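A.B. asks: Structure in structure tokens, see below.
The values are calculated or read from the model by the stated rules, or taken from the named source; none is laboratory data. Quick caveat, the model's predicted, so the values are computed rather than measured. Neighbour counts are summed over all protein chains in view; Cβ atoms, including those assigned to glycine, are modelled from backbone coordinates with ideal geometry.
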Amino acid sequence: MTMLEIARGPAMQVSILIMVGGIGWRLAGILLLRRRPQRAAPRHGFVRRICGGLSAILSRFIPRRTFRRGTAVSVVLSAVFHLGLAVVLFGGAPHILLIRQITGLTWPGLPKGIVVMASGLTLASMIALLVRRMTHPVLRLLSTVDDYLSWLVVFLPVFTGILLSGETIGGYATLLSLHILSVELLLVWLPFGKLMHGLLVFAGRGAMGVTFARKGAAT
């Protein structure tokens, strides 16, 4: 069995199994958390509370005025990273083909040049964010192994994807195998590190907004 066959077969199955089981474990832990009963009557009705949740989700995309100056660099780099990654994931023809095989959904892909440029910007923004984390006195103190490991498991698929698109090092089969294996490593780590925020961020913001709206407090 070749490395590519392993990556597409057993490794893919194991990584998906671990990811699904890990996500289920994390969600079960959240749902089973003990919560204090809300004894006070809600100050707003159901619709107002839902609007509060939506408002919290949308408003958190832009930092509050008080923090904009100190967080501007991180916000811009993070925006470039997330937008670039979205372009690569949902604009690259191979990724669209994979999505169609799994879900049946499809859409036109972007030109390869645009996807490669987005990949480069994503990679550059990740490196800049890592340098900032390692050199900023506060971020360096707050950073844990989770932060660096999460950065690495995202960096590897982006990096191997760029190598694969250019086929500059090694053969296509080898590069494709490394790319798939790096994605599978990301899937395995996803439920257990801070990358889980990608699945929980909107639910968390929405829940906070609903709670604040119930209490009549501003978000």
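A.B. asks: Just the residues that are exposed (fewer than 10 other Cβ atoms within 10 Å of the Cβ) and either aliphatic (A, V, I, L, M) or in contact with a Phe, Trp or Tyr (Cβ under 8 Å, 6 or more places away or on another chain) (or both), please, taken from region 29-46.
C.D. replies: Leu31, Leu32, Leu33, Ala40, Ala41
Residue by residue, here is whether (1) touching a Phe, Trp or Tyr at 6+ places or on another chain (Cβ under 8 Å); (2) among the charged types (D, E, K, R) holds:
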position: Leu85; (1), (2): no, no
position: Leu89; (1), (2): no, no
position: Leu105; (1), (2): no, no
position: Pro108; (1), (2): no, no
position: Lys112; (1), (2): no, yes
position: Leu123; (1), (2): yes, no
position: Leu149; (1), (2): yes, no
position: Gly171; (1), (2): no, no
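A.B. asks: Please work out which one of (1) charged (D, E, K, R); (2) over 17 Å from the mean Cα position of the chain (by Cα); (3) surrounded by 13 or more Cβ atoms within 10 Å (Cβ to Cβ) is the condition Lys112 fails and give its number.
C.D. replies: (3)
A.B. asks: I've got another one for you. Val145 passes all but one of (1) modelled with pLDDT of 90 or more; (2) among the aliphatic types (A, V, I, L, M); (3) closer than 21 Å to Ala11 by Cα; which number fails?
C.D. replies: In the conditions (1) modelled with pLDDT of 90 or more; (2) among the aliphatic types (A, V, I, L, M); (3) closer than 21 Å to Ala11 by Cα, Val145 misses (3) alone.
A.B. asks: Ala173 fails exactly one of the following numbered conditions: (1) at pLDDT below 95; (2) among the hydrophobic types (A, V, I, L, M, F, W, C); (3) closer than 29 Å to Glu5 by Cα; (4) surrounded by 14 or more Cβ atoms within 10 Å (Cβ to Cβ). What is the number of that condition?
C.D. replies: (4)
A.B. asks: Can you tell me how many residues in region 140-194 are in a loop (DSSP other than H, G, I, E, B) and more than 17 Å from the chain's Cα centre (by Cα)?
C.D. replies: Result for region 140-194: 7.
A.B. asks: Something else now. I'm trying to understand the selection: among the residues of region 111-142, which are modelled with pLDDT under 95, of a type in the set (Ser, Thr, Tyr) and over 21 Å from Leu176 (Cα atoms)?
C.D. replies: Residue satisfying the conditions is Thr135 alone.
A.B. asks: Is it true that some residue in region 122-130 is surrounded by 12 or more Cβ atoms within 10 Å (Cβ to Cβ), farther than 23 Å from Leu190 by Cα and of a type in the set (A, V, I, L, M)?
C.D. replies: Checking region 122-130: not a single residue is surrounded by 12 or more Cβ atoms within 10 Å (Cβ to Cβ), farther than 23 Å from Leu190 by Cα and of a type in the set (A, V, I, L, M).
A.B. asks: Which residue out of Ala56, Ala86, Ala93, Ala72 is in contact with a Gly (Cβ under 6 Å, 6 or more places away or on another chain) and farther than 23 Å from Thr211 by Cβ?
C.D. replies: That would be Ala93, the only listed residue that is in contact with a Gly (Cβ under 6 Å, 6 or more places away or on another chain) and farther than 23 Å from Thr211 by Cβ.
A.B. asks: Test Gly161 against the stated conditions and say whether it is in contact with a helix residue (DSSP H, G or I) (Cβ under 7 Å, 6 or more places away or on another chain), small (Gly, Ala, Ser) and crowded, with 18+ Cβ neighbours inside 10 Å.
C.D. replies: Judged against the criteria, Gly161 is a match.
A.B. asks: Take the residues of region 63-106 that are polar (S, T, N, Q) and out of contact with any Ser or Thr (no Cβ under 8 Å at 6 or more places or on another chain): which is farthest from Ser119 (Cα to Cα)?
C.D. replies: The residue in question is Thr66.
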